[in-house]
Amino acid sequence: MDGVKQPYSVKYYREVKAKKVEWLWYPYIPYGKITIIQGDPGEGKSTVAINLASIISNGEALPLEKEKTDPRAVVYQNSEDGKEDTIVPRLIACGADLNKVAYIEEDETALELGDERLSKAIDETGARVLILDPVQAYWGANTDMNRAGAIRPIMNQLARMAQQKKCAVIMIGHMTKGNGKGLYRGLGSIDIAAAARSVLLVARLKSQPEMRVLAHVKSNLAPIGDSILFSVDGKSSISWLRKSKLTAEQILDESYEESNSKLDRAVAIIKECIKNGECSANEVLRQCEDQGIAKRTVNEAKARLNIESVKRKGGWFWIAGEDEDSDDDD
């Protein structure tokens, strides 16, 4: 209104006390922030979510970590699966403490992202983790997910709640069809991913369909973490296997896992490893194994590049050579 002064205040950053980011799982899931776990249908997003809820409820160490934590409550909100015949059996199969995994009843009124019940449920349960699975179900019937103007206020409100409650908000999301970077294949406006401080991708390896991967797509608060390979036991529990150097872009590339490309990738890995003159043979083989490349293919790439093997105190080392070298010594 004309003549009415608007609130106005200028402050300096010297008045702000710096503090460290608190982590649920470094560098993948921070407390007090929004994290997105996305992937195509059937790849295991909900399975990852349920396994994380189980780990947190029991105070177990996060995947491939050693240090255990205190058991904490989780609010796990799932709009697609039945509680009695799907969610509870899966939680039990994962060994979750059902006394610490809560949900908000939606029989009469559907839950939306701006709903005050989210904040109340966190307060009532003392939860440090809120999981929305899938997040597309909670935007509200009148919200256009593709319109930035509709998305930003909701994401800003959710981010403020996460910060105030010191709660890790994990949004499970479906992806659009087609190629492209993982960050841009999430359903809806790019502002959704922009508001998240961490984005993770769940996918199958095309060369090894029984193997799945959790890849770090985006990280605003820490360096991008290594991908993590895992397998699903039955329909519920996960065996977390090992870390990998696979990137989300490589995983999403439709042609990436075809066998004809593996020799080229082995050549590229070897070149990168010996760019400073030499590299441990074990390190080369480890990096290739992480990307599903067999030793036979690695040795073929080694021969193509005329790599020499030299034995030293620390083991075998590969260096660029002029003549082809036999590869039975590595």
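A few notes on this one:
- Between the amide H of Phe230 and those of Arg212, Val213, Leu214, Leu241, distances stay under 5 Å, these residues lying 5 or more places away or on another chain, with hydrogens modeled in the peptide plane.
- The angle between the Cα long axis of helix 281-290 and the longest principal axis of the Cα atoms of the chain comes to about 40 degrees, rounded to the nearest 10.
- Each residue of the stretch 87-98 was assigned a 3J(HN,Hα) from its phi angle through the Karplus curve 6.51 cos²θ - 1.76 cosθ + 1.60 (θ = phi - 60°); the sequence is 5, 4, x, 6, 4, 5, 4, 7, x, 5, 7, 5 Hz, with glycine and proline shown as x.
- Per residue, in Å², the accessible surface of the chain once ligands and nucleic acids are set aside, probe 1.4 Å: 54 Å²
- Taking the chain and dividing mean pair separation by its residue count, relative contact order in percent (alpha carbons under 8 Å, at least six apart): 17 percent
- Rounded FRET efficiency, nearest 0.05, which uses the C-beta distance separating Leu241 from Leu263 and R0 of 22 Å: 0.35
- Label separation (Glu60 vs Asp144): 4.5 nm, computed from points 7 Å beyond Cα along the C-beta direction.
- Carbon + sulfur, % of accessible area of the chain - ligands and nucleic acids excluded, 1.4 Å: 47 percent
- Other residues within the sphere of radius under 15 Å centred on the Cβ of Asp115, judged by their own Cβ, net out at -4 (K and R +1, D and E -1).
- Listed pairs Lys68/Lys295; Lys218/Lys271; Lys33/Lys218 exceeding 25 Å between Cα atoms: Lys68/Lys295; Lys218/Lys271
- Where only C-alpha atoms are counted, convex hull volume of the stretch 1-51 per residue in Å³: 185 Å³
- Longest segment of the chain lacking chymotrypsin sites (Phe, Trp or Tyr not before Pro) that sit in a DSSP loop with at most 13 other Cβ atoms within 10 Å: 13-330
- Cα extents for the stretch 86-244 along the principal axes, largest to smallest and rounded to whole angstrom: 44, 38, 29.
- Gyration tensor (Cα) of the chain, equivalent ellipsoid semi-axes in angstrom: 43, 24, 20
- Adding -39500 (n - 2.57) for every DSSP H run of four residues or longer, then dividing by how many residues the chain holds, sets the calculated 222 nm ellipticity at -8500 deg cm²/dmol.
- In summary, the lysines within cross-link reach of Lys275, defined as a Cα separation below 16 angstrom excluding same-chain residues under 8 places away, comprise Lys302.
- 13 Å tail of the calculated P(r), the stretch 189-260, as % of Cα pairs: 68 percent
The values are calculated or read from the model by the stated rules, or taken from the named source; none is laboratory data. Note that the coordinates shown come from a computational prediction; the quantities given were computed from them, not determined experimentally. FYI the Cβ positions are ideal-geometry reconstructions off the backbone, even for glycines, and counts take in every protein chain you see. Just the protein is used for accessible areas: all its heavy atoms, side chains included, with ligands, DNA and RNA removed. Shrake-Rupley method; radii C 1.70, N 1.55, O 1.52, S 1.80 Å.
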